[in-house]
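What follows draws every value from the coordinates through simple rules; no lab data is involved. Just so we're clear, the structure is a prediction, and the values are computed from it rather than from any experiment. Don't worry about glycine lacking a Cβ; one is built from the backbone with ideal geometry, like all the others, and counts go over all protein chains shown.
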């Protein structure tokens, strides 16, 4: 957090000294700020289309697309596509910070058959995706399951399957089918252990083909489950092994302090030189009568700093002993990073000791709030559960009253520690600095 705090205070003081304003330039009140996830070619990444699209057939709630947005300021949203070939997709609602999946529902009636490209707009961001519309006479495909009546042929499982961890776009299975008549298809398994797999689409050619079924739901327990897929009087089976979704080694802490536990965090959009490595050492430090575990922090393989941590009754603290590179005097203050016991929307506040910058008096305060509990997320391809999200709002007063200058959001996963650290500033220009967990090893 030190690197992010340095940026925060630098930006805050720059704005305060140059403008001395009481109101900061925030985004429109209540409106979320973020961007659609897309590839270098502008394609929505990922984009999952559901339903069958036929010429002259009115679209229903079975027709929709799931896309992802990365949100830096929570609030309302209005995401929609252009109208192409007589139909469009749209959705309004509310969204929190971080990576979110938004479901846009189709409306209208396709006017012609063919492949049509739609462009989604969310805020100032855009991405595109194709939709295949069948002719009005297109019917259901005729096909059989490969491997009937035994194990599904060509079967492959993708993703991470753990109890308590909700399925995401990466959790899918593939298998072979033999198509004898082209057309649309809908495949689905039975629902077992809280999860089912389903796939939709159109076969445009006969013969043996691969289909993909995406996982839906949240696994209830760690065990092996046999699923069945039926089609055209045939069926096949496949097995998914769900592992224990609990924390490694039985560790139940949100900030593990066991010796040799370590984290590698990567700056989003950065390079290998923007990687920090934190190791829990066997050393301790005594500060103001409290004993802290010493965490060693390396940057690009070079030791850069140490941080002091302790926990008590579900509360996790960090002791700041330096001046963060900007204050005239050291802070020497303990900060409550996380109260894992406080309820959702629970708050706490910490006033930093009076300080100065180049002789100019400065007061600072941190207002904290729990904005999510029991959340799940996929970070750097790894699935995490039992996440508590805490938002810090940094307040600064140079003699004109306290003003909020930036927010920082921390995601703590039980048994794993910090997996996401994102700071958002709004002045002098909007900026985001985010570190995500690339790898974690807990002892």
With R₀ set to 41 angstrom, the calculated FRET efficiency between the beta-carbons of residue 347 and residue 439, to the nearest 0.05, is 0.80
Between the modelled labels at residue 76 and residue 109 (7 Å from Cα along Cα→Cβ) the distance in nm is 3.2
Cα-based Rg then Dmax for the range 34-133, in Å, read 13.2, 40
Matching label for the computed Rg and Dmax of the Cα atoms in Å, out of [x] 21.1, 60; [y] 24.3, 80; [z] 25.7, 82, is [z]
So, with points 7 Å from each Cα along the Cβ direction, the residue 202-residue 57 label distance in nm works out to 0.9
Measuring from the longest principal axis of the C-alpha atoms of the chain, the long axis of helix 2-19 (C-alpha) lies at a number of degrees, nearest 10, equal to 70
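From the Cα gyration tensor of the range 165-278, with a ≥ b ≥ c the square roots of its eigenvalues, which class applies: rounded if a/c is under 1.5, or else prolate if a/b is larger than b/c, or else oblate?
Verdict is oblate for the range 165-278.
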In nm, the gap between the two label points placed 7 Å beyond Cα toward Cβ at residue 284 and residue 181 is 7.7
The range 330-443: relative contact order from alpha carbon pairs under 8 Å, six or more residues apart, as a whole percent, is 17
Taking r as the C-beta separation of residue 336 and residue 305 and R0 as 35 Å, the FRET efficiency to the nearest 0.05 is 0.95
At R0 = 41 Å the Cβ-Cβ FRET efficiency linking residue 431 and residue 226, nearest 0.05, sits at 0.25
The alpha-carbon center of the range 81-124 and that of the range 207-236 are separated, in whole Å, by 28
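Quick one: which of 176-183, 46-53, 202-209 comes out on top by average Cβ neighbours within 10 Å, and what's the full order, highest first?
46-53, 176-183, 202-209
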Rounded to the nearest Å, the spacing of the alpha-carbon centers of the range 146-176 and the range 322-387 is 41
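Taking the radius of gyration and the Kirkwood hydrodynamic radius from Cα positions alone, what is the Rg/Rh ratio for the range 283-434, to two decimal places?
With Rg and the Kirkwood Rh in hand, the quotient comes to 0.96.
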